[in-house]
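Written below as structure tokens is the structure these notes are about.
The values are calculated or read from the model by the stated rules, or taken from the named source; none is laboratory data. Quick caveat, the model's predicted, so the values are computed rather than measured. Here the Cβ positions follow ideal geometry from the backbone for every residue, glycine too, while neighbour counts run over all protein chains shown.
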Amino acid sequence: MRYANNKQLTNLYSISALALVVMLSGCGKNEPQEVAEPIRPVKTVVIEALGGKKIREFPGLVGASQRAEMSFRVAGQLAELPVREGDQIESGQTIARLDETDFKIALNDSKATYDKALADFKRAKELLPQGHISRSDYDKIDAHHKTAKANLNLSRQNLNYTTLTAPFTGTVARRYVDNFEEVSAKQNIVLLQDTTSLDIRFDIPERLAIMIDPSRRGGESRNIFAKFGAIKGKEFPLTFKEISTDADPQTRTYKVTFTMPQPEGFSVLPGMNTTVVADTSHLESSEQAVLLPVSAVISDSNKQATVWLVDQETMTVHPHSVEAGSMQGNSITVTGLKSGDRVVIAGVPFLRKGMKVSLLETGEQPE
């Protein structure tokens with residue numbers, strides 16, 4: 001009888017233990033389980049330093065910031081040519097003068113013709129309302145009066161054109177004719193240049209031309225200078241002036257012009273050669289092309305060339321837009337990266353923004 005009771009008690013304990021296990025197992029199924037996000041191993045490459053100074057030298061030519069080929073608007077004989085090459089000329093100063101005799105005769109003739117035409121016009125104007133002159137005759141007299149007035153103004157203007165004056169203060173760089181010569185209209189008499197400010201012109205390749213901002217015109221550049229072989233140990237800062245928008249068809253370069261004041265103690269003249277020294281790193285760094293494996297560059301939903309960069313502080317990745325260039329075997333040139341960027345070159349298809357990654361050692365391959 002005692003044996004039977006012990007057996008029943010043992011069975012009761014077994015059933016209770018089994019029920020407890022089932023209960024605990026059921027409770028465990030309702031609790032959320034945290035799943036650690038896998039860290040994706042990737043192969044990367046670090047963009048080598050593209051910065052630092054990139055000193056370039058360009059052959060340049062000096063020109064005057066202001067220059068004018070001076071000529072008369074009318075033909076005639078030179079009566080005065082007081083200037084010589086090298087003379088300093090003030091604005092408004094007389095450079096040359098033609099013999100005025102024929103022009104004064106023409107002016108007097110035009111004035112006489114106009115005076116008669118004016119008198120005829122006044123008389124016709126009085127007769128027209130009275131019916132003593134036809135409308136057609138009046139119109140002819142009126143037209144003759146207007147023509148005579150225009151010829152008088154032209155004669156006065158031509159007389160004024162016999163004097164050639166300087167439009168700005170400068171230097172007579174060249175005198176093309178001698179006094180008392182017969183000259184034609186538009187024939188060059190002198191070349192006037194203002195050399196207080198000098199233009200420095202040189203050619204640059206299109207990869208630099210595309211980076212020049214014309215809105216910066218007039219601002220002194222801290223990274224571009226002119227130097228001259230005869231002036232040892234000196235460099236002169238330049239100020240951007242303009243850039244041509246028409247490329248040389250042979251060299252595919254663009255003409256750019258900078259300016260500089262005439263240096264004190266020296267006489268830099270138009271036509272002299274100069275060497276332009278420029279630190280172009282601020283222009284070239286963003287345009288410097290780097291070579292990456294084709295596997296590193298993908299196209300996003302907008303068909304924009306994209307690479308994946310690793311944030312080395314958080315060890316996460318994010319997409320970065322670039323400009324794709326030419327193919328070279330299994331590699332492609334891209335621009336838009338900067339020094340120190342770590343680019344994923346293997347394992348790209350498995351990445352998503354913000355994913356944590358680990359860096360593979362050289363020679364290892366991502367799974």
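What to note about this one:
- Check on G131, of a type outside the set (A, V, I, L, M, F, W, C) and closer than 30 Å to R174 by Cα: no
- Members of region 155-190 found to be assigned to a loop (DSSP other than H, G, I, E, B), of a type in the set (A, V, I, L, M) and touching a Lys or Arg at 6+ places or on another chain (Cβ under 7 Å), listed by number: A185
- Residues of region 119-176 that turn out to be aromatic (F, W, Y) and under 22 Å from L81 (Cα atoms), as a count: 3
- Residue within region 237-248 that is in a loop (DSSP other than H, G, I, E, B) and of a type in the set (D, E, K, R) present: yes
- Selection of region 336-359 for residues being surrounded by 16 or more Cβ atoms within 10 Å (Cβ to Cβ) and either on the phi < 0 side of the Ramachandran plot or without any contact (Cβ under 8 Å) to a residue 40 or more places away in the chain (or both) yields L337, D341, R342, V343, V344, I345, A346, V348, L351, M355, V357.
- In this entry, A148 is excluded by the filter for residues that are part of a helix (DSSP H, G or I), exposed (fewer than 14 other Cβ atoms within 10 Å of the Cβ) and among the small types (G, A, S).
- Exclusive hit being modelled with pLDDT of 90 or more, touching an Asp or Glu at 6+ places or on another chain (Cβ under 6 Å) and surrounded by 10 or more Cβ atoms within 10 Å (Cβ to Cβ), set S65, S71: S65
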